[in-house]
Amino acid sequence: MSTPRSILETGFDVEKVREDFPVLKQTIHAKPLVYLDSAATAQKPFVVIDAIRKFHEVDCANIHRGVHELSQRSTAAYEETRGKAKRFLNARSRSEVIFVRGTTEGINLVASSWGRQNVSKGDEIIISAMEHHSNIVPWQMLCEEKDATLRVIPMNDRGELILEEYEKLLGPRTRLVAVGHVSNALGTINPVRTVIDMAHRVGALALIDGAQAAPHMKIDVGLLDADFYTFSGHKVFGPTGIGVLYGKAKLLDAMPPYQGGGDMIRTVTFEKTTYNEVPYKFEAGTPNIAGGIGMGAALDYVTNLGLDRIAAYEHELLVYGTQLLSRIPGLRMIGTAREKAAVLSFVIDGIHPHDIGTVLDRMGIAVRTGHHCAQPVMDWFGIPATTRASLAFYNTTSELDALADGLRKVKEVFG
Amino acid sequence: MVDDLYQETILDHSKRPRNHHEMADANRRADGYNPLCGDRLKLYLKVENDVVKEASFEGAGCAISTASASLMTESLKGKTREEALRLIDKFHTLLTTDTPASKDLGKLVVFCGVRDYPARVKCATLAWHTLKSALNGTGEVATTE
Ligand SMILES: Cc1ncc(COP(=O)(O)O)c(C=O)c1O
């Protein structure tokens with residue numbers, strides 16, 4: 001099952017890259033692991049594992065305000081990641097980078113801090129038909145609390161946003177537009193630059209859920225002019241429990257704190273507390289220090305590989321995989337956007353995704369089956385669930401061959 | 001490879017489910033929902049003098065949940081409410097423990113392989129959760145959670 005090197009035009013040395021990921025070198029049910037679930041969580045390279053280990057073995061201490069050597073080392077390492085994240089997103093300043101648990105917390109932070117202060121009765125928030133539950137529910141909760149209205153940009157049957165309809169939803173009451181950069185269920189790459197521009201034209205802000213974009217493409221929040229942008233460390237080859245929320249400095253300055261506690265304060269008396277400056281105002285309590293350090297190593301890793309090279313290689317995988325799967329009778333791709341990340345979501349006539357997933361698992365192939373935390377997307381397509389193979393730069397064409405073979409086996413069992 | 005899970009009887013019942021229709025004159029009904037996979041099921045029973053005379057179901061799910069519903073409806077006919085409730089427990093024991101299968105399970109023993117696939121236990125139990133709610137007449141949507 002070894003891939004001929006550079007059979008793809010990009011000449012990306014995938015075999016060499018795979019050496020960096022220890023988890024990939026194992027067998028599952030006596031078959032080589034074929035990991036096609038990176039949209040759920042990406043695997044971790046040695047550099048990330050080593051950075052976390054080194055922190056625990058050598059530098060472990062709580063951060064901020066410590067005078068001792070270890071505390072200074074851990075503070076420096078943790079804060080270094082803030083600088084890396086700033087560069088990764090091309091933010092203007094380190095203080096625009098807030099550490100959160102992940103995308104979910106990033107969105108909740110904005111909904112709860114900015115939203116409570118700026119959304120009132122009769123206001124409107126716009127999301128899209130292809131959002132992950134984490135970019136739906138926080139806005140629903142806010143709208144319920146404030147008696148505001150949630151509006152949804154529809155999509156076409158390829159799974160692309162219909163911008164003409166979006167235009168009609170925008171108005172003087174629109175306060176915020178929250179849209180995913182890349183859909184986890186469909187792979188659609190949304191034209192977020194345009195989405196943001198259109199929001200700004202009516203005086204609304206824009207939040208971009210970058211959970212599925214950060215692992216696959218270069219992000220420039222300045223170029224996008226995003227007001228908020230958030231992603232999860234674990235989907236960019238870093239650890240779980242850590243992520244980033246970017247916000248424009250002037251917005252963050254004006255926003256109230258998110259949670260109360262240590263680190264987010266300047267002075268505390270029982271009468272009055274004054275808050276720390278951004279980003280610390282939003283970071284109450286001891287954070288995920290090891291996670292932050294691990295994420296820093298992950299951002300370095302993908303930056304060194306080159307996000308443009310990654311995107312080019314993954315696009316070739318996507319084209320290869322799409323052709324391969326389209327030859328399987330009865331298989332229907334769900335999500336066929338013209339601009340697409342390397343996600344292959346599909347259904348097969350008469351065979352339930354759970355059965356597909358179980359049979360593939362016995363062949364060592366890990367795919368995700370279900371609604372992918374995007375039930376409205378499933379409802380729109382009139383299906384309960386899909387099978388999803390989501391790729392990363394460590395996947396190979398021969399793994400896609402294995403997937404296609406596996407699906408033929410599935411059809412034999414259930415056909 | 002997966003023959004331990006997808007035994008012949010299961011594949012047969014998933015491809016050609018028995019009692020797979022609405023029942024207009026049912027006197028017990030219940031809906032089941034598995035939030036994990038979005039599968040929904042409607043169960044119909046005709047119970048007379050405390051005995052299940054007929055059972056049928058509607059809804060499409062995975063092979064395991066469809067076969068489980070199909071075989072369940074077959075095995076219910078002629079059972080008293082008490083016997084049916086006891087069967088639910090025995091089926092659950094079959095899926096979640098290593099104890100030898102009860103003889104009362106009959107054909108249902110084909111589901112013994114499911115215990116090695118923890119992610120699939122809920123597929124097999126959806127119909128049975130729904131049965132419990134139909135027998136107890138709670139009228140709520142039974143879920144596997
Ligand atoms: C598009 C999208 N948004 C948000 C999330 C939530 O990310 P997390 O669970 O890391 O907070 C995910 C994760 O699946 C996602 O794919």
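The values are calculated or read from the model by the stated rules, or taken from the named source; none is laboratory data. Note that the coordinates shown come from a computational prediction; the quantities given were computed from them, not determined experimentally. Every residue, glycine as well, gets a Cβ built from its backbone with ideal geometry; the counts of neighbours run over all protein chains shown. Quick note on the areas: whole protein, heavy atoms, side chains included, nothing else; ligands and nucleic acids left out. Shrake-Rupley method; radii C 1.70, N 1.55, O 1.52, S 1.80 Å.
Taking first residues from the stretch A:179-205 that are open to solvent by 10 Å² or more (accessible area, probe 1.4 Å) and partners that are more than 15 Å from the ligand (Cβ to nearest atom), the Cβ contacts under 6 Å between residues at least 6 apart in sequence or on separate chains come to A:ILE189/A:GLU339; A:ARG193/A:LEU224; A:VAL202/A:LEU170; A:VAL202/A:THR174; A:LEU205/A:LEU176; A:LEU205/A:ASP227. Of the helices (runs of 4 or more DSSP H) lying entirely inside the stretch A:352-415, the ones with 3 or more residues being within 7 Å of chain B (Cβ to nearest Cβ) are found at A:353-362.
B:ALA84: within 12 Å of the chain's Cα centre (by Cα) and within 14 Å of another protein chain (Cβ to nearest Cβ), yes or no?
Here the answer is no, as B:ALA84 does not meet what is asked.
Once the stretch A:329-351 is narrowed to residues that are outside any strand (DSSP E or B), at pLDDT 95 or above and over 25 Å from the mean Cα position of the chain (by Cα), the residue that is surrounded by the most Cβ atoms within 10 Å (Cβ to Cβ) is A:GLY330.
Of A:ASP37, A:ASP50, all but one fail to be within 16 Å of the ligand (Cβ to nearest atom) and either of a type in the set (Asp, Glu) or within 14 Å of another protein chain (Cβ to nearest Cβ) (or both); the exception is A:ASP37. Being more than 24 Å from A:ASN90 (Cα to Cα) and within 16 Å of the ligand (Cβ to nearest atom) is a description that applies to A:VAL152. If the condition is being within 15 Å of the ligand (Cβ to nearest atom) and touching a residue at least 40 places away in the same chain (Cβ under 8 Å), then the stretch A:155-172 contributes A:MET155, A:GLY159. Restricting to the stretch A:356-365, give me the number of residues that are farther than 20 Å from A:SER326 by Cα and out of contact with any Gly (no Cβ under 8 Å at 6 or more places or on another chain). The qualifying residues number 4. Exactly one residue out of B:THR73, B:THR99 is out of contact with any Leu (no Cβ under 7 Å at 6 or more places or on another chain) and open to solvent by 20 Å² or more (accessible area, probe 1.4 Å), and it is B:THR99. The residue of the stretch B:21-56 that is farthest from A:GLY357 (Cα to Cα), among those that are within 14 Å of chain A (Cβ to nearest Cβ) and open to solvent by 60 Å² or more (accessible area, probe 1.4 Å), is B:ARG40.
If the condition is being touching a helix residue (DSSP H, G or I) at 6+ places or on another chain (Cβ under 7 Å) and of a type in the set (S, T, N, Q), then the stretch A:114-160 contributes A:SER120, A:SER134, A:ASN135, A:THR149.
More than 12 Å from the ligand (Cβ to nearest atom) and within 30 Å of A:GLU314 (Cβ to Cβ): which single residue out of A:MET264, A:MET198 fits that description?
When all the criteria are applied, what remains is A:MET198.
Here B:PRO118 meets the list (1) surrounded by 24 or more Cβ atoms within 10 Å (Cβ to Cβ); (2) free of Cβ contacts under 8 Å to residues at least 60 places away in the same chain; (3) under 18 Å from A:VAL359 (Cα atoms) almost entirely, failing just condition (1).
Considering the stretch A:352-379 alone, what residues qualify as being open to solvent by 40 Å² or more (accessible area, probe 1.4 Å) and more than 16 Å from the ligand (Cβ to nearest atom)? A:ASP361, A:ARG362, A:MET363, A:ASP379 - these are the residues of the stretch A:352-379 that are open to solvent by 40 Å² or more (accessible area, probe 1.4 Å) and more than 16 Å from the ligand (Cβ to nearest atom).
Summed over the stretch A:173-194, residues that are within 27 Å of A:GLY222 (Cβ to Cβ) and more than 14 Å from the ligand (Cβ to nearest atom) total 7.
Considering only the stretch A:212-242, how many residues are on the phi > 0 side of the Ramachandran plot and either under 12 Å from the mean Cα position of the chain (by Cα) or within 16 Å of the ligand (Cβ to nearest atom) (or both)? Here the count works out to 2.
Quick grid of which residues meet (1) open to solvent by 40 Å² or more (accessible area, probe 1.4 Å); (2) away from every other protein chain (no Cβ under 14 Å); (3) over 24 Å from the mean Cα position of the chain (by Cα); (4) touching a residue at least 12 places away in the same chain (Cβ under 8 Å):
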| position | (1), (2), (3), (4) |
| --- | --- |
| A:LEU305 | no, yes, no, yes |
| A:GLY321 | no, yes, no, yes |
| A:LEU324 | no, yes, yes, yes |
| A:ARG327 | yes, yes, yes, yes |
